[in-house]
Amino acid sequence: NAGVTQTPKFRILKIGQSMTLQCTQDMNHNYMYWYRQDPGMGLKLIYYSVGAGITDKGEVPNGYNVSRSTTEDFPLRLELAAPSQTSVYFCASKPNPGGRSSYEQYFGPGTRLTVT
Amino acid sequence: GQQLNQSPQSMFIQEGEDVSMNCTSSSIFNTWLWYKQDPGEGPVLLIALYKAGELTSNGRLTAQFGITRKDSFLNISASIPSDVGIYFCAGSGGTSYGKLTFGQGTILTVHP
């Protein structure tokens, strides 16, 4: 069972370049999330989705975009990379509401992005 | 907004020692979760707590949901080298989209 997978694992971008971070889950979860993790900090929510076609902003959405065309995939787009976007990015998903475990989020392995 | 204060920020211990860490919140949570992150990996869920006062174990790990609903504690007994990593607490106030607020993490180093 693959769970949450992310690609690429590492990436170096030049300022102003764009890229898409891929995230896929095979657990049939409607809820998916994108976080960034900076050194010494907890995880900050960038965007989230409660189902295909439905996305919304989290705490730190500036400079990012998302789309959700299928239940499985939730890509994160950086249009004009800036040094402040150097970070580790994690995708997560959680079970649909209704059960005791419905707040438990499951994380992918992360994408380590450097913008220079 | 909600804030979580996790302490200590880091711990250096000898193999075999017990470890305690905690999180306190500025507001009430309905769910507390504890994650572990190994170097270069994503966070992995260790323990989930759903009720004030609840005490739950997972092997050598024990976590408690504080009775005020504003804090949670994680204990690791008889630490071993593979316990090394960053431990995060996370809380949910029950929002419709399942938002989690994360602590800053406790970096654990275990000396053999």
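Cβ separations smaller than 8 Å between residues 6+ apart or across chains give the following pairs from the range B:37-61 residues that are among the acidic types (Asp, Glu) to residues that are surrounded by fewer than 15 Cβ atoms within 10 Å (Cβ to Cβ): B:Asp38/B:Val44.
Conditions tested, residue by residue: (1) without any contact (Cβ under 8 Å) to a residue 12 or more places away in the chain; (2) in contact with a Pro (Cβ under 9 Å, 6 or more places away or on another chain); (3) open to solvent by less than 20 Å² (accessible area, probe 1.4 Å).
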site: A:Gln17; (1), (2), (3): no, no, no
site: A:Gln22; (1), (2), (3): no, yes, no
site: A:Gln25; (1), (2), (3): no, no, yes
site: A:Lys44; (1), (2), (3): no, no, no
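Limited to the range A:60-91, what total is found for residues that are of a type outside the set (S, T, N, Q), within 12 Å of A:Lys44 (Cα to Cα) and touching a residue at least 40 places away in the same chain (Cβ under 8 Å)? Total meeting the criteria: 4. Taking the range A:46-67 as the range and being within 24 Å of A:Gly16 (Cα to Cα), within 14 Å of chain B (Cβ to nearest Cβ) and surrounded by 14 or more Cβ atoms within 10 Å (Cβ to Cβ) as the test, the residues that pass are A:Ile46, A:Tyr47, A:Gly58, A:Glu59, A:Val60, A:Pro61, A:Val66. Among what's in the range B:14-26 and is away from chain A (no Cβ under 13 Å) and under 17 Å from the mean Cα position of the chain (by Cα), pick the residue that is farthest from A:Lys94 (Cα to Cα). Applying the filter and picking the extreme gives B:Asp18.
For the range B:66-112, a residue qualifies if it is farther than 20 Å from A:Phe107 by Cα and among the charged types (D, E, K, R), and the qualifying residues are B:Arg69, B:Lys70, B:Asp71. For the range A:100-115, a residue qualifies if it is at pLDDT 95 or above and in a loop (DSSP other than H, G, I, E, B), and the qualifying residues are A:Gly108, A:Pro109, A:Gly110. Would you be able to say whether some residue in the range B:68-79 is under 9 Å from the mean Cα position of the chain (by Cα) and within 13 Å of another protein chain (Cβ to nearest Cβ)? Looking for residues that are under 9 Å from the mean Cα position of the chain (by Cα) and within 13 Å of another protein chain (Cβ to nearest Cβ), one finds none in the range B:68-79, hence no.
Filtering the range A:98-116 to residues that are closer than 30 Å to B:Tyr50 by Cβ and in contact (Cβ under 8 Å) with a residue 12 or more places away in the chain leaves A:Gln105, A:Tyr106, A:Phe107, A:Gly108, A:Pro109, A:Gly110. The set of residues in the range A:61-99 being part of a loop (DSSP other than H, G, I, E, B) and within 12 Å of the chain's Cα centre (by Cα) consists of A:Pro61, A:Ser67, A:Arg68, A:Phe74, A:Pro75. Taking chain B and the strands (runs of 3 or more DSSP E) fully enclosed by it, the elements with 3 or more residues that are over 23 Å from A:Gly40 (Cβ atoms) and open to solvent by 30 Å² or more (accessible area, probe 1.4 Å) are at B:55-58.
The values are calculated or read from the model by the stated rules, or taken from the named source; none is laboratory data. What you see is a predicted model, and the numbers here were worked out from it, not measured in a lab. Using ideal geometry, Cβ is built from the backbone for each residue, glycine included, and neighbour counts are taken over all protein chains shown. What goes into the accessible areas is simple: the full protein's heavy atoms, side chains included, and nothing from ligands, DNA or RNA. Shrake-Rupley method; radii C 1.70, N 1.55, O 1.52, S 1.80 Å.
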